[in-house]
């Protein structure tokens, strides 16, 4: 049995050699050497391969979920889309209950979520469906609270989505009952790194109406640009309709479906966990979650249970495993890798390294990679763990800033860290698999030359590093596998039996 270290380089995609490929432009002698001398292949990490509609970009959450499950897990995006198409969405009891409550109490329905068409955290079509439902159910007043994107889409595209929303309101003839009440960037509303000062600004906007006053949404966005807000991501809180604050008697539907960036704001309304600031006004509406990010609020589309994932198989074999990452990606190597279960499996230990506190990781492209490396190297030397999962966040979160120079630095820092880690894994006789969860760093400029802050649809490399040079991978240097094949490959290396419901296959070539 081999001991295995799985290194997930978040955002590590395979793309063309061009002026927007930070990985190509960076000096990465270790990665270059690995690809020249060791087996490697390419894995599909977007679309149907990760449980979302074909043509949809991959993401960290679904990437880690797929890797850990060893199979494709249908994502809420696809489930919601299908339910809208077949009409079952409009019969969901939780949604009907929210509409019923506000009708009976003559209160307001609040639709809260990110306005985007990429389907990473939310989708504008889901908001349109909720508006249609509200009209069908005779909801007296609907307030829309927009979270602007600027990361999974072009940095300055919010006005296009707002225009589409206002046209939909007109199409549904809801001008008298539906209005955009607030705007704010995801920097405030969707923090996941315990920056509670940002979450407080979002909560105070929604409950107290604290924000910059503007008359029209489009003008608010353009005015923000004039004030040198460089991206919709950072849009400061804006109040458009002062009547739109959230009250106890109201209902709120948070239509984001991805769980990691919804929890902090959700907890402010549900009270299920202590929040990191003193709430001036504790508001407890009927709060509905589109996806599985609350233990107390009703969930429209709960997580699909996954049995016999990679962590469970390793645990049942009586082996010890470690998960290590910095704060920004800690949930990914734990909660998502374990098929959306919070608790560690038997024999699993976890190490969290704090992410740096900075508005943009372009200001600190090394993030906490060196600290993670310094922590991990002596652990590898101790040979305590049979299976280790490591995440480096740099190649995802630095490119999200659309800063090419900083992203090149991030690549070089990661290469430096890999050098140190691989030196120790060689000494300790660990087999190493290096892969990505989705693409990003290799595609940072659109074809027209504009900065691209979002994920790509490119495949990701899978590199095998082992002292046994006879080990080979299928599809050497080419596409052919998928992310779901990583777990079976690891089990094959560790001589552990692959469960029947793990539908990926090992990429090892057995002579």
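The values are calculated or read from the model by the stated rules, or taken from the named source; none is laboratory data. Values in this document were obtained by computation on a predicted structure and should not be read as measured data. In this analysis, Cβ positions are derived from the backbone assuming ideal geometry, glycine residues included, and neighbour counts consider all displayed protein chains.
For the stretch 467-496, a tally of residues being under 27 Å from the mean Cα position of the chain (by Cα) and over 15 Å from residue 432 (Cβ atoms) returns 11. The condition (being assigned by TED's automatic domain parsing to the domain that holds residue 460, surrounded by 21 or more Cβ atoms within 10 Å (Cβ to Cβ) and farther than 30 Å from residue 310 by Cβ) is satisfied by just one residue among 58, 70, 20: 20. Please determine whether any residue of the stretch 332-343 is out of contact with any helix residue (DSSP H, G or I) (no Cβ under 8 Å at 6 or more places or on another chain) and assigned to a loop (DSSP other than H, G, I, E, B). Yes, that holds for at least one residue. Could you please find all residues in the stretch 349-368 being surrounded by 21 or more Cβ atoms within 10 Å (Cβ to Cβ) and either assigned to a helix (DSSP H, G or I) or outside the structural domain of residue 437 (by TED's automatic domain parsing) (or both)? Once the filter is applied, which keeps residues that are surrounded by 21 or more Cβ atoms within 10 Å (Cβ to Cβ) and either assigned to a helix (DSSP H, G or I) or outside the structural domain of residue 437 (by TED's automatic domain parsing) (or both), the stretch 349-368 yields only 361. Within the stretch 309-329, being over 17 Å from residue 486 (Cβ atoms), without any contact (Cβ under 8 Å) to a residue 40 or more places away in the chain and assigned to a helix (DSSP H, G or I) holds for 315, 316. Checking each residue in the stretch 227-256 for being at pLDDT below 95 and over 23 Å from the mean Cα position of the chain (by Cα) picks out 227, 228, 229.
Of the residues contained in the stretch 163-179, one or more are found to be in contact (Cβ under 8 Å) with a residue 24 or more places away in the chain, out of contact with any helix residue (DSSP H, G or I) (no Cβ under 6 Å at 6 or more places or on another chain) and assigned to a strand (DSSP E or B).
Restricting attention to the stretch 85-108 and to residues that are in contact with a helix residue (DSSP H, G or I) (Cβ under 7 Å, 6 or more places away or on another chain) and crowded, with 19+ Cβ neighbours inside 10 Å, the residue that is nearest to residue 143 (Cα to Cα) turns out to be 108.
Given the criteria buried (at least 19 other Cβ atoms within 10 Å of the Cβ), part of a helix (DSSP H, G or I) and touching a helix residue (DSSP H, G or I) at 6+ places or on another chain (Cβ under 9 Å), does residue 111 qualify? Answer is no for this residue.
Just to confirm my filter: which helices (runs of 4 or more DSSP H) fall fully inside the stretch 43-106 and include at least 1 residues that are within 26 Å of the chain's Cα centre (by Cα) and under 29 Å from residue 8 (Cα atoms)?
Here the list reads 60-69, 76-86.
Looking only at residues of the stretch 432-450 that are surrounded by fewer than 20 Cβ atoms within 10 Å (Cβ to Cβ) and in contact (Cβ under 8 Å) with a residue 40 or more places away in the chain, we find that the one that is nearest to residue 370 (Cα to Cα) is 445. Of all residues in the stretch 296-306 being part of a loop (DSSP other than H, G, I, E, B) and modelled with pLDDT of 95 or more, which is surrounded by the fewest Cβ atoms within 10 Å (Cβ to Cβ)? The residue in question is 296. Against the numbered list (1) in contact with a helix residue (DSSP H, G or I) (Cβ under 9 Å, 6 or more places away or on another chain); (2) touching a residue at least 12 places away in the same chain (Cβ under 8 Å); (3) not in a loop (DSSP other than H, G, I, E, B), residue 204 comes up short only at (1).
Scanning the stretch 383-430 for residues that are in contact with a strand residue (DSSP E or B) (Cβ under 6 Å, 6 or more places away or on another chain), more than 22 Å from residue 187 (Cβ to Cβ) and in a loop (DSSP other than H, G, I, E, B) turns up 385, 386.
In the same structural domain as residue 107 (by TED's automatic domain parsing), under 26 Å from residue 108 (Cα atoms) and in contact (Cβ under 8 Å) with a residue 40 or more places away in the chain, is that true of residue 235?
Considered against the rule, which asks whether it is in the same structural domain as residue 107 (by TED's automatic domain parsing), under 26 Å from residue 108 (Cα atoms) and in contact (Cβ under 8 Å) with a residue 40 or more places away in the chain, residue 235 comes out as yes.
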